[in-house]
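J.: For reference, the structure I am asking about is given below.
The values are calculated or read from the model by the stated rules, or taken from the named source; none is laboratory data. None of these values were measured; they are calculated from a predicted model. As a convention, Cβ positions derive from the backbone with ideal geometry for all residues, glycine included, and neighbour counts pool all protein chains shown. Accessible surface areas use protein heavy atoms only, side chains included; no ligands, DNA or RNA. Shrake-Rupley method; radii C 1.70, N 1.55, O 1.52, S 1.80 Å.
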Amino acid sequence: MKTRSSRSTVTFFRPFTLVGNPDVIPAGDYEVLIEEERLEGRGFLAYRKTATYVLVAGKGGRAGRMEKLEVSGTDLETMLSQDRDIPENIQKSDAALSPQEDLK
């Protein structure tokens, strides 16, 4: 069976948790690894997603290592969508203005 993987970077603006992992993961940029397997016997080239991982820096005894935490693609999309749903009162807060905007 032939497999392939792809990597991308996602940004979380707020701390988040992953299903099955009790740790709160800080906001920031995270690498996402998607693994797929080739579907044989088709008249065309096709792949099926087999796993999605978020790569997170280890803590404690695992400091200095990257942990590969599995997450469903659907859960990841939901988490990113919720992360971008910033409440209206936070969007209009004076604290969110840059110094140049504050002088206007």
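J.: Return yes or no: is residue 53 touching a residue at least 24 places away in the same chain (Cβ under 8 Å), part of a strand (DSSP E or B), among the aromatic types (Phe, Trp, Tyr) and surrounded by 11 or more Cβ atoms within 10 Å (Cβ to Cβ)? Outline the logic, then answer.
T.: Details: touching a residue at least 24 places away in the same chain (Cβ under 8 Å): no; part of a strand (DSSP E or B): yes; among the aromatic types (Phe, Trp, Tyr): yes; surrounded by 11 or more Cβ atoms within 10 Å (Cβ to Cβ): yes.
Considered against the rule, which asks whether it is touching a residue at least 24 places away in the same chain (Cβ under 8 Å), part of a strand (DSSP E or B), among the aromatic types (Phe, Trp, Tyr) and surrounded by 11 or more Cβ atoms within 10 Å (Cβ to Cβ), residue 53 comes out as no.
J.: Go through segment 51-80 and report how many residues are closer than 17 Å to residue 5 by Cα and out of contact with any strand residue (DSSP E or B) (no Cβ under 9 Å at 6 or more places or on another chain).
T.: Number satisfying all stated conditions: 0.
J.: Only residues that are at pLDDT 95 or above and either among the basic types (Lys, Arg) or touching a Pro at 6+ places or on another chain (Cβ under 7 Å) (or both): list them for segment 5-59, please.
T.: Answer for segment 5-59, where residues must be at pLDDT 95 or above and either among the basic types (Lys, Arg) or touching a Pro at 6+ places or on another chain (Cβ under 7 Å) (or both): just 7.
J.: Out of all the residues in segment 6-50, which are assigned to a strand (DSSP E or B) and open to solvent by 80 Å² or more (accessible area, probe 1.4 Å)?
T.: Correct list: 7, 9, 22, 24, 29, 48, 49.
J.: Continuing with the same structure: When you check residue 69 against the structure, is it under 17 Å from residue 12 (Cβ atoms) and either at pLDDT 85 or above or touching a Lys or Arg at 6+ places or on another chain (Cβ under 8 Å) (or both), yes or no? Spell out the reasoning first.
T.: Details: under 17 Å from residue 12 (Cβ atoms): yes; either at pLDDT 85 or above or touching a Lys or Arg at 6+ places or on another chain (Cβ under 8 Å) (or both): yes.
Here the answer is yes, as residue 69 does meet what is asked.
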